[in-house]
Every structure is written in structure tokens, then in C-alpha cells.
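Here the structure comes first, spelled out in C-alpha cells, and everything after it is commentary.
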Amino acid sequence: MINTTKEKDCVRLEGAEECTVRMPVVALRGMTVLPGLVIHFDLNRGKSILAVEKAMMSDQRLFLVTQRDVEEEEPDIDGVYQMGCLAQIRQVTRLPENVVRVLVEGQERGRLAGFAEEGAFLLGDVEPVAGPSRLADSRQEEASAAGTEIEEEAMMRSLKELFLEFASFFPRVGQSVKRRIESGISLGRLMDEIIESMPVDYEKKQAVLEAVDLDTRYQVLAGILYEEIGVAKVRTELAEQVKARMDKNQRDYMLREQMNYIRQELGEDTIGSDAEQFEAELDRLKASREVKEKIRKEISRFKSLGQGSTEASVERGYLETLLELPWDKASKDNTDLKRAQNILERDHYGLEQVKDRILEFLAVRSLTKQGESPIICLVGPPGTGKTSIARSVAEALNKKYVRICLGGVRDEAEIRGHRRTYVGAMPGRIVSGLKQAGVKNPLMLLDEIDKVSSDYRGDTSSALLEVLDSEQNNHFRDHYVEIPIDLSGVLFIATANSAADIPRPLLDRMEIIEVTSYTANEKFHIAKEHLLPKQLQKNGLDHGELSISDSALREIILSYTAEAGVRGLERRIGDICRKAARQMLEQKEKAGKRKGTDGEKTEAIRVTGRNLEKYLGKPGNSLDRANEKDDIGIVRGLAWTSVGGVTMQVEVNMMPGKGEIRLTGQLGDVMKESAMTGISYVRSVSAQYGISPEVFTENDFHFHIPEGAVPKDGPSAGITMAAALLSVLTQTPVRADVAMTGEITLRGRVLPIGGLKEKLLAAKTAGIKTVLVPEDNRKDVEEISREIKNGLEIVPVKTMEEVTARAFAHAVGA
């Protein structure tokens, strides 16, 4: 509040809530001053000039009100608005012809209670108005402080968005206020500055001035912004329509007729007809002005080429490609979250992480009406549904589906296209995929992205960097097309079997989702709900003609397949369906010969666990079961492979010799180093277990892992080999129902490993009861489903002492 210099000038009028101040008043014509703003205006009326001079002689404070009628020379109390602005005079400049220019700074709102007696200038009783408040009662304000802050923040953001949209139509107006918005001013000050900067009449500014509390002021200002934005949009549309009508149809017609005549004389009418067809397609093409201008130039160039020239055929192919590309043509995405979820659940069992990510993207797109398309990479073993889930996602989102197989691609031009200077040049696979889809926002599956390679013709993975970078792919430039193409609307889904084979910069641009191996129960549900109906339909059978019992399906999974996915399982079911189809046809032919008809109904075929060998033969998968008895020097380890988890036995033999160490079983370098680390650890603690140092120099040690034809590598067998060696040296048997995995250090610490889910699955299938895992993998254990962990005792271990305590059949030396 502005304090007066004289206490006696402050009086309380009848009915006024606060003390009023008597001060000079200036009535402004056609303008409104708001608090917090510095503005200048010119005065030429005598009363107004005297009021300024009076204020300059006292405290330089002035009350500014707006006249209701700009033509009125001597306004009374009814001729001005009651709400005005208390201002501080900053500068007074006298101009020719008795004009005074005044520079003032608005300080706060004030309400004019009335004018004092008639005089040489206007003198009014002004009641300062308190700053903006949301609640009349302070206790209510404290009770709802949190809610008030949230509401004010919502109003602040809404006004910023509205004003930025308004400023897009009036760039010069919005520049100064944009900078003020970023400086973080209060909500009330923001609203006053916004209305002051807008080119609107004084009545609308007065309406904002009279809105004291924030709620009312927001409603008034937002309404004005909406109205002005609507007017600006209509004005822009009208201007564009008028401009579009002002073309040069007559001039174009004359030139076109002359060109047609020249072509006919030269015998090049074919090029003319092709060019006309291209121009007609260009008129129908949905593309930006820059793209159309480029295509129009190429059409003009095509017209100038001779009919029989090689360059004309190259140019024709180029134009056809440009006109077939979906520059601005987009399909409408599905926004029904429930429908998308039903499609994903219908087509695939499991894969919850993939489904959740797609539904999250759809939810964000529905709320924001835009949102960046995620770039997802599904990593997992073969046959786990990575490729097929992409087709279901495309259906769920109502997107066109395009599959690009990158396996074996080694030429950069396969991605970026060939330059038109080469004979037989064509666009890259990305542009060809867009052309095939017919829209600019399809779902594009980059299959087997880990199988790309490079040679002297370029690095394919480096060419993919721009494609899969959401910050750059809105201007992807194909060497053949030579016009920037917007790939930001494309939903890219890549698949890979191993993330280790993907270059690090490319991997960094994708959102990795692990698609892990299926459990036996998951395979059973997939076979029953998806694979069996698919194979029945594929082989011309229905459920009434062939049925496979649950026990038979479980037997196929355990005894006839050994894989992380379900491809082999589907093939086995297909084998049964084909044999059943043959058997059914033979039954029909026999029945037809006996009764002389072809329509005899045959008996349904039922496949169970008992007659399964009749259709699939002897089981080809022998389960690697746990040993029946505890043994010395034999420890069960766990390993991860590209087709899932497996168990492996580590065997160690000690024999007289010279301290040599042999490692067999086609071990990789990392596994050999793990074995040497385990040996060094055991030698360092040999005294604790009563092992003589001469044992290591007078004996040879042989480490072997069976299935020698299969390459093996990785550090996770470190504790397994150390435990096997310690078992031999101490002659302590290792429990047959225990398996372990973990990397070992020279000090006997157990470090974390990967692929834990697949390893636990392999242990459970082999009949293992107890699994030792690194303590640092405890968080991974908690994320694994209860179905896998049921029946397994999972023991986290930190050191080799804990490993031997749980794995050895009895204490060392007992």
C-alpha cells in the first residue's frame, strides 16, 4: 500500500473497509495502466497537467483512472471507472504545444471512492486495494495452502501455454513478455504483464484491472486470450484462402499449350503425358511446400529430357519414387486402451514387460495427442515371440506393419540408399518400407539387428544410428531421395538374440526389453492356447477331429524339445497334426470302401501320454538329471546359452605328476582364467583345510567339463571349479542335489552373474534342490516369478566359505 506523507490526509469514509488517501487524479482516455508496469502517456488537458504538478510537489504519487467515454472533456465520478492504479511518477517532460509527457510506474490497484470539491484539478479519495488473495479468511488460507499452490501452478502453466500460442500470431508483441515469463514472476504480475502487452482495447484491460482476486483475474484473462487466438486463426485462414485464389491460371494454361505443341512437333508426346500425370499426382500429394517445390522442379527437368535418353528413364523412376512416398500421409492410431490390451493378450502368452511398455506409450499418446514413438529392442533367445509380438503391436495400435530383415546386411547403402549417379540406384530399406506401408507412421520391425555386419562398403550399424535416434530422425536423408524424410512418427521395434553383439552407440539409442526363456508351464499354456489351434487350422483339422491331452503336451515339452522358445514345440505339434490328418484320411477311405459312401464320419483321434510315441517316436531329449549320490570332485554348475539355461558338471581329477594343470572341454579364455583364479584361491587357503603345499607340486590336476564338442565360456563357473578342486584336495564329497553359479576372486569373494532366470529353470528341470547364487543377485531373485522358485532352495552366498558350508556333504575333515 502507498503511504501518504501526511497522516491527517488519511481518513476513513463511511462504508469503507480501509483508510482512504486523498491524492491527485488523472483521467486517461483510451488507455488503462496496471500495477507493476512502467508506461508513459501524453497529457494536454489543464486539469490533468495541474494534477501532475501537484503530485510532483508532494510525494510524486498519482491515481490513474480510465474514462468510460473517451470524448468526454470534463468527466465526473460516473464518467470514470472506479478501479484504477496508484502510480509513482518517474519523469515529466514538457513538449511543444502545451503537451506534457509523463513516465509512471504502476504500484497497486486502488478504488476511487469519490472526488473532492471542484478545483483546478481532480482530487479524489482513493482506497488502496490489497494484493490478490484467494480466500477471505486467513485460517481457510492456511488450511488449503497446498491446494492453492497447486491451483496457482496450474493457472500459471495454462496462461503460459495460451500466451505462447497467442504470441505465435504476433511475434513482435510476445518477445518481451516471453523473457519475463522465463524469469519466474508471480502469477498476479504475470497476468497484468500479459494483458498490458496484448494489442486489445482498453475495456478488456480494464476488466483485468478490476479483477482483484487471482481466480477472477484468471477467468477474465483466459477468456480474452481464447477469443483473440480464435480471431487470429480465422484471420490467418482467410488470408491464406485469398492468396490461394490469386494464381496465374491463364498464364499457366497458355504456356502449357505451347509446350504441348512443341512436344508433338518433336515426337515427344510420351514425356508430355507422363509429366502431366506426375503433375496430377503432385496436386493430390499430401506434402509440405518444400517437398512439392522440389518435385515440381524435377518434373520440369523431366520435361526437358529427350524421350529416348537414358537419363529420362532414370528421372522417371526417381519421380515415381518421390510421388509414392507418404510425406504427410498418416494413419489414425488406435486410442482404445482396452482393445489394444485385448489384442496383445489374445495373440501372446506372457511377455508382460513388452505389453506394458506398448500400453504405456498408447496411454501417453492418448493424453498428449502426440508423444515420441519409443524405439524398443527386444532381446532374447530364438523362438520366444519377439518377431510375432511386433505384428500384434501393429494391430493393437492400428498401425501399418513393415518388416525389415537386417540379418547379413553389410552394405551401408541398404539403409541409406544408393546415390542416383549409380546405374540401378534405388532407395534404402527404410524408405522402401515407408513406401510399402503407404503412411509415414507405420510400425517398422528391424529384425535380427544384432546380425548386421560391415565391410569396405561401409558400416551398416553406423548408418542405423541416425535412423534410431529420436532427436535426429525427423530429418533422415536417404542418398537416393535427397529430401529430408520425417521418421519421428515411425514406431521402431528391433529384435536381437544377444545385446552383446550390438555396437554400443546403437544399443544406447534403444530401449532394451529382455524377453527371457519360457518356463515349462508357460510353454504348456502357449501350446494349448496358441500353437495347437494354429496347427489344427494349418493342417485342415478341427478340435473335434484331433485332441492332444495335457499330459501329452507336457511330455512333448520335457522329452521332445530342449529350447528357450517354442519353435521346436510347434514343429512337434505339427508332426502330430500331419500324422493325424493322414490317419483320418485313411480311415475315411476304408469306411467309404466298406459302405460305398464318402461321407462316413470317422472316429476322433486322441493323443495322450501313452500313445505319444506312436506319433513322435522315441523321446529325443534326455534330461540332464542330478546325480543320484554325492561324489568327490564332481560339482554341478549352471550356464546360460543363446537357447536358454543348462546345467553342466565340472569334474576334477588329481594324479601324481609335476604340478601341471590341464583344462579340457573346449573352454574359452574367460573360463580358463576363472579356473586359474579358483586354483590360486584354493592354494592361498590350503593351510586352513590342512592341505600340504607339496600336494600342488607333486600332483597334476585335470579340469574337464563334458560335452567337449560344445564351446563354453564365461566367468560364472568360477566357484564351481574352485569347489570341485577343494573337494578333491580334502576328499570331501559334494552334495548331488546342489548346483551353483558365480564368479570367484583371488580372495574368495563371489561376484554377481547374468542369465539367472534361465539358470534356475535349468536347475529345476534337472531336479536340483538347492542353488547357490551370488549375494549381489538377490534383487534378481526377487524379480523372478514364484512359479520358477517353487521347489528350489535359493541360497545367496558372499564367500567361498559359505559355498563349501552349503555344498559339501559334511564339514572338511569330519
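Pairs LYS355/LYS779; LYS759/LYS779; LYS160/LYS332: which exceed 21 Å Cα-Cα? Before the final figure, lay out the partial values.
Values: LYS355/LYS779 23 Å; LYS759/LYS779 15 Å; LYS160/LYS332 29 Å.
Among LYS355/LYS779; LYS759/LYS779; LYS160/LYS332, the Cα-Cα distance tops 21 Å for LYS355/LYS779; LYS160/LYS332.
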(message) With the cut-off at 1.5 for a/c, could you classify the stretch 683-758 from its C-alpha gyration tensor as rounded, prolate or oblate?
(response) prolate
(request) Over the stretch 500-567, average the accessible area per residue using a 1.4 Å probe and give it in Å², no decimals. (result) 48
(request) Collect residues whose amide H, placed 1.01 Å from N in the peptide plane, falls under 5 Å from the amide H of VAL773; neighbours closer than 5 in sequence don't count. (result) VAL795, VAL797
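Taking all protein chains as present, what is the carbon and sulfur share of the accessible area of the stretch 9-109, in % to the nearest whole number, probe 1.4 Å? Each step should come with its number before you reach the end.
On the way: 2250 of 4930 Å².
Of the solvent-accessible surface of the stretch 9-109, carbon and sulfur hold 46 percent.
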(request) In whole Hz, with x marking every Gly and Pro, tabulate ³J(HN,Hα) for the stretch 461-466 from phi via Karplus 6.51 cos²θ - 1.76 cosθ + 1.60, θ = phi - 60°. (result) 5, 5, 5, 6, 4, 5
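Of all DSSP beta bridges located in the stretch 439-523, what percent are antiparallel, nearest 5?
Close to 50 percent.
Contour minus end-to-end for ARG419 and ASP76, with contour as 0.36 nm per residue of separation and end-to-end as the Cα-Cα distance? Write down the numbers at each step before the final one.
On the way: separation 343, 0.36 × 343 = 123.48 nm, distance 8.04 nm.
Stretched out fully, the ARG419 to ASP76 stretch lengthens by 115.4 nm.
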(message) Starting from the 7 Å offset along Cα-to-Cβ, what nm value, one decimal, do you get for the label separation of SER692 and MET31?
(response) 11.0
(message) Let me make sure I get this right: for the chain, a, b and c are the square roots of the gyration tensor eigenvalues over alpha carbons, sorted descending. Under 1.5 in a/c it's rounded, otherwise prolate if a/b > b/c, else oblate. Which is it?
(response) prolate
(message) Checking the cross-link filter: which lysines have an alpha carbon closer than 29 Å to that of LYS54, excluding same-chain neighbours under 8 positions apart?
(response) LYS6, LYS8, LYS205
(message) If I model a spin label as a point 7 Å beyond the Cα along the Cα-Cβ vector, how far apart are those points for GLU628 and ARG571 in nm?
(response) 3.3
(message) Tell me which of PHE524, MET655, LEU569 sits at the most positive position along the dipole axis of the chain, charges placed on C-beta atoms (Lys, Arg +1; Asp, Glu -1).
(response) MET655
(request) At 7 Å along the Cα-to-beta-carbon direction for both ASN474 and LEU337, put a label point, then send me their distance in nm to one decimal. (result) 2.6
(request) Please give the contour-minus-distance gain from ASP328 to ARG289: 0.36 nm per residue of separation, less the Cα-Cα distance, rounded to one decimal in nm. (result) 12.9 nm
(request) Over the chain, calculate the relative contact order: mean separation of alpha carbon pairs under 8 Å at least 6 apart, over the residue count, as a percent. (result) 7
(request) Starting from the amide H of GLN107, placed 1.01 Å from N in the peptide plane, find each other amide H under 5 Å away whose residue is 5 or more places distant or on another chain. (result) GLY36, LEU86, ALA87, GLN88
(message) If you take every residue apart from LEU507 with its C-beta less than 10 Å away from the C-beta of LEU507, what net charge results, scoring Lys and Arg +1 and Asp and Glu -1?
(response) -1
(request) Kindly write out, for the stretch 411-422 in residue order, the coupling ³J(HN,Hα) from the Karplus curve 6.51 cos²θ - 1.76 cosθ + 1.60 (θ = phi - 60°), rounded to whole Hz, with x marking Gly and Pro. (result) 10, 4, 5, 4, 9, 8, x, 9, 5, 5, 6, 8
(request) Counting other Cβ atoms within 10 Å, keep those with at most 10, restrict to DSSP loop, and tell me which trypsin sites (Lys or Arg not before Pro) in the stretch 321-429 are left. (result) LYS332, LYS369
(message) If you consider only alpha-carbon coordinates, what radius of gyration and Dmax does the stretch 601-737 have, in Å?
(response) 20.4, 82
(request) Return the carbon/sulfur percentage of the accessible area of the stretch 664-776, one whole number, probe 1.4 Å, all protein chains in place. (result) 51
(message) Would the stretch 383-458 count as rounded, prolate or oblate if I go by the C-alpha gyration tensor, calling it rounded below 1.5 in a/c and otherwise prolate when a/b exceeds b/c, oblate otherwise?
(response) oblate
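Taking every DSSP beta bridge with both residues inside the stretch 372-484, roughly what % is antiparallel (nearest 5)? Intermediate values should be presented prior to the final figure.
Values: 3 of 8 bridges.
If I count the DSSP bridges inside the stretch 372-484, around 40 percent turn out antiparallel.
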(message) Between ARG180 and VAL212, what is 0.36 nm times their sequence separation minus the Cα-Cα distance? Round to one decimal in nm.
(response) 9.4 nm
(request) Please compute the net charge surrounding GLY678, taking Lys and Arg as +1 and Asp and Glu as -1 over other residues with Cβ under 13 Å from its Cβ. (result) +2
(request) Convert each backbone phi in the stretch 604-610 into a coupling constant with the Karplus relation 6.51 cos²θ - 1.76 cosθ + 1.60 (shift: θ = phi - 60°), then list the ³J(HN,Hα) values in order as whole Hz, x for Gly and Pro. (result) 5, 9, 10, 9, 10, x, 6
(request) Tell me which residues come under 5 Å, amide H to amide H, from THR66 once H is placed; ignore anything under 5 positions away on its chain. (result) LEU28, TYR81
(request) Might you tell me the accessible area per residue for the stretch 280-338, computed with a 1.4 Å probe and given in Å²? (result) 58
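Out of all DSSP beta bridges in the chain, what portion is antiparallel? Express it as a percent rounded to 5. Spell out each step's value before the answer.
Working: 57 of 97 bridges.
Given both bridge residues lie in the chain, the antiparallel proportion sits at roughly 60 percent.
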(request) Be a star and scan the stretch 630-672 for residues whose amide nitrogen sits under 12 Å from the point 7 Å along the Cα-to-Cβ vector of ARG806. (result) none
(message) Calculate the FRET efficiency for PHE169 and ALA499 from the Cβ-Cβ distance with a Förster distance of 51 Å, rounded to the nearest 0.05.
(response) 0.55
(request) Using just the helices of the chain, give the 222 nm mean residue ellipticity in deg cm²/dmol: DSSP H runs with n ≥ 4 each add -39,500 (n - 2.57), and the total is spread over all residues, rounded to 500. (result) -13500 deg cm²/dmol
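The values are calculated or read from the model by the stated rules, or taken from the named source; none is laboratory data. Note that the coordinates shown come from a computational prediction; the quantities given were computed from them, not determined experimentally. When we count neighbours, we look across all protein chains shown, and the Cβ atoms used for this are built from the backbone with ideal geometry, even at glycine. Areas reflect the complete protein model, heavy atoms only, side chains present, ligands, DNA and RNA absent. Shrake-Rupley method; radii C 1.70, N 1.55, O 1.52, S 1.80 Å.
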